[in-house]
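Below you'll find the structure, written out as structure tokens, and then a few comments.
The values are calculated or read from the model by the stated rules, or taken from the named source; none is laboratory data. On a predicted model such as this, the values are computed, not experimentally measured, just so you know. Virtual Cβ from ideal backbone geometry, glycine too; neighbours counted across all protein chains shown. In case anyone asks, the SASA skips ligands and DNA or RNA and just uses the protein heavy atoms, side chains included. Shrake-Rupley method; radii C 1.70, N 1.55, O 1.52, S 1.80 Å.
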Amino acid sequence: MARIRILSRETIEHIAAGEVIERPASVVKELIENSIDAGADEISVEIESPIVSYIRVADNGCGMDNEDLRLSVSSHTTSKIQSSKDLASIFTLGFRGEALSSIVSVSKTRISTRTEGSGTGSFIYTEAGDIIETGPAAQPKGTIIEVRDLFFNTPARKKFLKTEATEQRKIVDMVSTYALCYPKIRFSLKVKGRDVLNLAPSENHLERVISVLGHTLRHRLYPAHAERPSISIKAIMASPDMARATKSHMYTFVNGRHVKDSVLTGAIMEGFRGLLVKKRYPLIVLFVDIDPSEIDVNVHPTKTQVRFRNASAVFGIIASTIKKRLADFPWDRAEVVVTPREASRPATKVQEPRSLYGQYKQPKTRPSQASLIGTTGGFYSSKKVIGVLHSTYILLQDKDALYILDQHASHERINYERLKSTISSSSPQSQMLLEPRLIELKPDEYAVLKRIMSRISMSGIELEPFGGTTVAVRAVPRMLASADIESIILDIINLAMKDSAEGEGYLDDMIATIACHRSITAGDKLDEAEIVALLKDLDEVGSPRACPHGRPLYKKIYISEIEKWLARRP
Ligand code: ADP
Ligand code: MG
């Protein structure tokens, strides 16, 4: 690594200022970043209880010589940039020259280090930033930093700490997060002498993601790549059924840096649109590698934010990469793991079950054998209907699985797709109402409606103010002719109140709301012909796998799973 220098006043003024050491996890973050910048391929973290009493980070990186070691603990000293010009193209995680000095100023710290060439290493011991002792240290190449009594001289900061368990979890998260991004580095974390993480180096991100986030993910991860001249994207995402209630499992990295950024999270949500239920967030690890001159990392002192010069291009490429990968619902093709013993058995013969309808007749266009095997027809209509459960779930089968299809969600999706194509056609087919329907609104509702009136008209619902806070509905799309238009309008207003999102996403939500009103509900009894029509309609609108709100339309249960439940298979 280059020699450490003291930054000039002019450069210091260009660097985002602010405190970086707020809690024990920030110490761990800064020290791990330094180890990565030092080229280490082994980083071990140890903490004791209470965490503030002891944090240790050791690496096998390039180390520092005696002179650099002394300089490293002063403020604004760094080997990573020379002048403010360098801020325009940062290739390292650090560049502010502030972390070590901030850490030593609020603790009692011992740093020992040795470079490759030097026979002996050296150490420095500081208290509240003052150098108390220095000397030689016998140790392998690399750097060991031990931070004791964190915040001993800043009781106010100590008071802000959360419970020991929370602070510990933040450290586990921090180490795990870096481990996701740097699979070739061996990471370990010990808490009170106990191994919490021990991650052997792995050649690729996918293996590391599995070892950090859990082996149950192994068959549920879908990687995607995209490459453009100054940017490359790599996403490893889990099927939507693994989605979480918080964004905690959306890991986003830009040039090896863990960042939290609305462009990235927004793009991910856009990529997953239509696949997730409201307020659920996908499990995804996203790596963006971009020309450093295309981003500004000098936005926030903790370096957890970036600014993209061309945010919309970044958004677009991420969203489309994810969308494309998930477009054909890869989780539907999940392989059933067959053990060698089973593989040698003859394939299980599918028994034609007795229909709950007694004589369910296949129309001539779908010969029953073909539908059983599922080789012809669309995704839904190629399956055999075997019954209806609780007047709500249509049961279908094909050669290796049973499908439990939600009839309401299915109908909702069909309406949604039809309405959407009506709306995107240049002139939505509306039907004038003989008598305008008057809807009296509350003042706040009326205010919102006025704002979104022109958008609503795109759906073929024609509205106009009728004095006061009353609005008149003059026309509705043909398919809504017999719908309860008042409650549709109220729902749309509610949606707009809750959600300030603009643009296409909003329109989609609006259509989904309308579609829901028109749909049959669970419990509406469908006859055979209606079920067949429903399946055909589903295929006609592109065989969607989720309702417009993101709920899955069906659950697939493999016969092999059933056999396992019933102990027909080991
Ligand atoms: P920055 O990382 O922004 O340069 P720091 O205060 O974190 O600032 O570190 C100051 C300098 O100390 C670094 O630029 C680097 O040269 C040196 N340094 C810190 N940690 C290590 C380490 N683990 N191995 C080698 N050098 C280190
Ligand atoms: Mg640093």
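Would you call Ile103 within 15 Å of ligand 2 (Cβ to nearest atom), crowded, with 20+ Cβ neighbours inside 10 Å and either assigned to a strand (DSSP E or B) or of a type in the set (D, E, K, R) (or both)? No; evaluated as a whole, the condition is false for this residue.
Considering (1) buried (at least 20 other Cβ atoms within 10 Å of the Cβ); (2) at pLDDT 80 or above, the lone condition that Ser459 does not fulfil carries the number (2).
Residue-wise test of (1) modelled with pLDDT of 95 or more; (2) more than 15 Å from ligand 2 (Cβ to nearest atom).
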residue	(1), (2)
Gly39	yes, no
Cys62	yes, no
Lys80	no, no
Ser84	no, yes
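When Arg169, Arg157 are checked against the criterion of being closer than 26 Å to Tyr251 by Cβ and assigned by TED's automatic domain parsing to the domain that holds Arg70, Arg169 stands alone in meeting it. Cβ separations smaller than 7 Å between residues 6+ apart or across chains give the following pairs from segment 25-37 residues that are closer than 24 Å to Pro50 by Cβ and within 9 Å of ligand 2 (Cβ to nearest atom) to residues that are part of a helix (DSSP H, G or I) and open to solvent by less than 10 Å² (accessible area, probe 1.4 Å): Glu30/Ile103.
Hey, among the residues in segment 91-100 that are out of contact with any Leu (no Cβ under 9 Å at 6 or more places or on another chain) and open to solvent by less than 20 Å² (accessible area, probe 1.4 Å), which one's nearest to ligand 2 (Cβ to nearest atom)? Here the residue is Gly94.
Restricting Ile111, Ile47, Ile55 to residues that are within 11 Å of ligand 1 (Cβ to nearest atom), under 23 Å from Arg186 (Cα atoms) and of a type in the set (A, V, I, L, M) narrows the list to Ile111. Criterion applied to Lys85, Lys80 was being closer than 11 Å to Ile4 by Cβ and either in a helix (DSSP H, G or I) or open to solvent by 40 Å² or more (accessible area, probe 1.4 Å) (or both), and the one residue passing it is Lys80. Selection over segment 171-204 of residues that are out of contact with any strand residue (DSSP E or B) (no Cβ under 6 Å at 6 or more places or on another chain), crowded, with 17+ Cβ neighbours inside 10 Å and not aliphatic (A, V, I, L, M) gives a count of 5. Can you say whether Ser430 is at pLDDT below 90 and surrounded by 13 or more Cβ atoms within 10 Å (Cβ to Cβ), as far as the supplied structure shows? Yes: the conditions hold for Ser430. The condition (being under 17 Å from Ile103 (Cβ atoms), surrounded by 23 or more Cβ atoms within 10 Å (Cβ to Cβ), within 12 Å of ligand 1 (Cβ to nearest atom) and at pLDDT 95 or above) is satisfied by just one residue among Ser26, Ser35: Ser35. Selection within segment 297-316: residues that are touching a residue at least 24 places away in the same chain (Cβ under 8 Å) and in contact with a strand residue (DSSP E or B) (Cβ under 6 Å, 6 or more places away or on another chain). The member of this set that is farthest from Met237 (Cα to Cα) is Val299.
If the condition is being buried (at least 17 other Cβ atoms within 10 Å of the Cβ) and in a loop (DSSP other than H, G, I, E, B), then segment 157-170 contributes only Leu161.
Filter segment 253-311 for residues that are in a loop (DSSP other than H, G, I, E, B) and basic (Lys, Arg) and give the result. Those that are in a loop (DSSP other than H, G, I, E, B) and basic (Lys, Arg): Lys260, Arg273, Lys278, Lys279, Arg280, Lys303, Arg309.
Somewhere in segment 46-58, is a residue modelled with pLDDT under 95, within 15 Å of ligand 2 (Cβ to nearest atom), crowded, with 19+ Cβ neighbours inside 10 Å and not assigned by TED's automatic domain parsing to the domain that holds Phe308? No: zero hits. So, in segment 377-413, of the ones that are more than 13 Å from Arg545 (Cβ to Cβ) and of a type in the set (Ser, Thr, Tyr), which residue ends up surrounded by the fewest Cβ atoms within 10 Å (Cβ to Cβ)? Looking at residues that are more than 13 Å from Arg545 (Cβ to Cβ) and of a type in the set (Ser, Thr, Tyr), I get Ser391.
Quick one: how many residues across segment 61-73 are part of a loop (DSSP other than H, G, I, E, B) and within 9 Å of ligand 1 (Cβ to nearest atom)? Qualifying residue count for the region: 5.
Contact map, segment 84-108: residues that are in the same structural domain as Arg148 (by TED's automatic domain parsing) and more than 6 Å from ligand 1 (Cβ to nearest atom) paired with residues that are of a type in the set (D, E, K, R) and open to solvent by 20 Å² or more (accessible area, probe 1.4 Å), Cβ distance under 6 Å, separation 6+ or inter-chain. Pairs shown: Thr92/Asp37; Thr92/Lys80; Leu93/Asp37; Ser107/Asp149; Lys108/Glu127; Lys108/Arg148; Lys108/Asp149.
Every listed requirement among (1) buried (at least 18 other Cβ atoms within 10 Å of the Cβ); (2) assigned to a helix (DSSP H, G or I); (3) of a type in the set (S, T, N, Q) is met by Ser248 save one, (1). Screening Asp68 with (1) within 16 Å of ligand 2 (Cβ to nearest atom); (2) farther than 23 Å from Ile43 by Cα; (3) of a type in the set (Asp, Glu) gives one miss only, at (2). Inclusion of Ala16 among residues that are touching a Pro at 6+ places or on another chain (Cβ under 6 Å), within 13 Å of ligand 1 (Cβ to nearest atom) and in a loop (DSSP other than H, G, I, E, B) is warranted.
Might you let me know whether segment 68-77 holds any residue that is at pLDDT 90 or above, among the aliphatic types (A, V, I, L, M) and in contact with a Leu (Cβ under 8 Å, 6 or more places away or on another chain)? Yes, the conditions are met somewhere in segment 68-77.
Whether a residue is assigned to a strand (DSSP E or B) and surrounded by 19 or more Cβ atoms within 10 Å (Cβ to Cβ) was assessed, and Ile43 passes this test. Of the residues making up segment 453-491, those that are among the charged types (D, E, K, R) and in a strand (DSSP E or B) are Glu462, Glu464, Arg474.
Looking across segment 277-288, just one residue is out of contact with any Lys or Arg (no Cβ under 8 Å at 6 or more places or on another chain), on the phi < 0 side of the Ramachandran plot and open to solvent by 20 Å² or more (accessible area, probe 1.4 Å), and that is Lys278.
Yes or no, residue by residue, for (1) touching a Cys at 6+ places or on another chain (Cβ under 7 Å); (2) touching a residue at least 40 places away in the same chain (Cβ under 8 Å); (3) away from ligand 2 (no atom under 16 Å from the Cβ):
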{"site": "Thr113", "(1), (2), (3)": "no, yes, no"}
{"site": "Thr120", "(1), (2), (3)": "no, no, yes"}
{"site": "Pro136", "(1), (2), (3)": "no, no, yes"}
{"site": "Val147", "(1), (2), (3)": "no, yes, no"}
{"site": "Phe151", "(1), (2), (3)": "no, yes, yes"}
{"site": "Phe160", "(1), (2), (3)": "no, yes, yes"}
{"site": "Arg169", "(1), (2), (3)": "no, no, yes"}
{"site": "Val172", "(1), (2), (3)": "no, no, yes"}
